[in-house]
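Engineer: A single structure is presented below for examination.
Bear in mind that the values in this text are calculations on the coordinates, not laboratory data. No experiment lies behind these values; they were computed from the predicted model shown. Every residue, glycine as well, gets a Cβ built from its backbone with ideal geometry; the counts of neighbours run over all protein chains shown.
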Amino acid sequence: MSDFVPVIPIVLQIRKIIFEKFNDVDIKFTNDEIFEILKENNDIDPSWIIDDVESFFNEICDSGLARNIAQNFTTIWLKLFDPVEKFHCNACNQDVYLGTSEKRICSNPSCKSSI
């Protein structure tokens, strides 16, 4: 991988996309759909492929925000456990997006402060 550093951490970008486009516990969405939006937003390493963001989706599942409901090769279908809410972290000055049942801890990997 290159030395590319996004302006906004990738996990925050993914959570924002989920909040804006897929914030409904009754719909399913894929990592491919989110990856396409990430690429359109131009704050991701242009050399990355879908496999390069798999760990971020695993982290989102591990956090309790979403669950993996199916998988086919590199495509992962996801559903939210709870609706997503927007918060602002005063410690890192980032907007963060958390499921209603997630702990109120900043999802910015370089912060992790209480919200």
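Engineer: Assuming 0.36 nm per residue, please report the length gained on full extension of the stretch residue 90 to residue 103 beyond their Cα-Cα distance.
Structural biologist: Here the segment from residue 90 to residue 103 would lengthen by 3.0 nm.
Engineer: What do you get for Rg/Rh over the chain if you use C-alpha atoms and the Kirkwood form of Rh?
Structural biologist: Across the chain, the Cα-based Rg/Rh ratio is 0.94.
Engineer: List the DSSP H helices in the chain whose Cα atoms stretch 18 Å or more along the helix axis and whose mean Kyte-Doolittle hydropathy is at least 1.0.
Structural biologist: Span-like helices here: none at all.
Engineer: Excluding same-chain residues fewer than 8 positions from residue 16, which aspartates and glutamates have a Cα within less than 16 Å of its Cα?
Structural biologist: Partners found: 24, 32, 33, 36, 40, 43, 59, 82, 85, 95, 102.
Engineer: I've got another one for you. At what distance in angstrom do the alpha carbon centres of segment 31-77 and segment 83-115 lie from each other?
Structural biologist: Their Cα centres are 19 Å away from one another.
Engineer: Also, quick follow-up: If each of residue 54 and residue 32 carries a label point 7 Å out from its Cα toward its Cβ, how far apart are those two points in nm?
Structural biologist: With each label placed 7 Å out from Cα toward Cβ, I get 1.6 nm.
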